[in-house]
1. Each residue of region 94-111 in turn: what ³J(HN,Hα) in whole Hz from Karplus with 6.51, -1.76, 1.60 and θ = phi - 60°, glycine and Pro shown as x?
2. Rounding to the nearest 20 debye, state how big the charge dipole of the chain is about its Cα centre with +1 on each Lys and Arg Cβ and -1 on each Asp and Glu Cβ.
3. Could you tell me how far the Cα centroid of region 97-158 sits from the Cα centroid of region 38-57, in Å?
4. Taking only protein heavy atoms and a 1.4 Å probe, what accessible area per residue, in Å², does the chain have with all protein chains in place?
5. Under the rule of at least 5 residues apart or a separate chain, name every residue whose amide H is placed under 5 Å from the amide H of VAL142.
6. Sorted by mean Cβ packing within 10 Å, highest first, what order do the peptides 26-36, 66-76, 113-123, 130-140 take?
7. With each run of n ≥ 4 DSSP H residues scored as -39500 (n - 2.57), what mean residue ellipticity at 222 nm is computed for the chain after dividing by its residue count and rounding to the nearest 500 deg cm²/dmol?
8. Tally Lys and Arg at +1 and Asp and Glu at -1 over the other residues with C-beta under 13 Å from the C-beta of ALA61: what net charge comes out?
Amino acid sequence: MTQLTHFNQAGEAHMVDVGDKAITQRTAVTEGYIEMQPETLKLIIDGGHKKGDVLAIARIAGIMASKKTADLIPLCHHLPITHVDISLTAETDKNRVRCQATVKTNGQTGVEMEALTATQIALLTIYDMCKAVDRGMVIQSVQLLEKDGGKSGHWQRR
């Protein structure tokens, strides 16, 4: 990395001009976790929550969030997202739910922020739906796993 791209020569924040960049297929994959009490996870898995299917609602929230990223993060570009996949997996041995988000576009800039936003909002939705029974839940380890496309090509977390 050579410089922070969201600052101009005078050190002022600005939106990066991507107008001259090539349109390429771009993909980002992120993950994150929400830890909870075993009873809370069982409630989610058994579908016994009175608010409904926690994971289905979290999945939809993550998809919606990915499409709203530019409205939340000031210097992000609005992107024509072509695909969003939110995978939510209960990990009973660790009392947590893993969220993995994959976001794709054909555009001039990457979708890392959209995938990270999708992961965070899906996990926050689980928190919101379950906070009445478990206020001690912890969202953690939200991170980029992989990105592909554009001039910088493929990157993968080791």
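The values are calculated or read from the model by the stated rules, or taken from the named source; none is laboratory data. Note that the structure is predicted; figures quoted are calculated from it, not measured. Because the Cβ atoms are built from the backbone with ideal geometry, glycine has one as well, and the counts that use them run over all protein chains shown. Surface areas here come from the heavy atoms of the whole protein model, side chains and all, with no ligands, DNA or RNA. Shrake-Rupley method; radii C 1.70, N 1.55, O 1.52, S 1.80 Å.
1. Couplings: 10, 6, 8, 10, 9, 10, 10, 10, 10, 10, 10, 8, 10, x, 9, 8, x, 10 Hz.
2. On the way: 18 positive and 18 negative charges, 27 e Å.
Dipole about the Cα centre, nearest 20: 140 debye.
3. 21 Å
4. Averaged over the residues of the chain, the accessible area is 59 Å².
5. Hits under the 5 Å cutoff: TYR33.
6. On the way: 26-36: 22.1, 66-76: 15.8, 113-123: 26.3, 130-140: 13.9.
Sorting 26-36, 66-76, 113-123, 130-140 by mean packing, highest first, produces 113-123, 26-36, 66-76, 130-140.
7. Details: 4 runs with 46 residues, N = 158.
For the chain, the value works out to -9000 deg cm²/dmol.
8. Values: positive: LYS51, ARG59, LYS67, LYS68; negative: ASP53, ASP128.
Computed value for this residue: +2.
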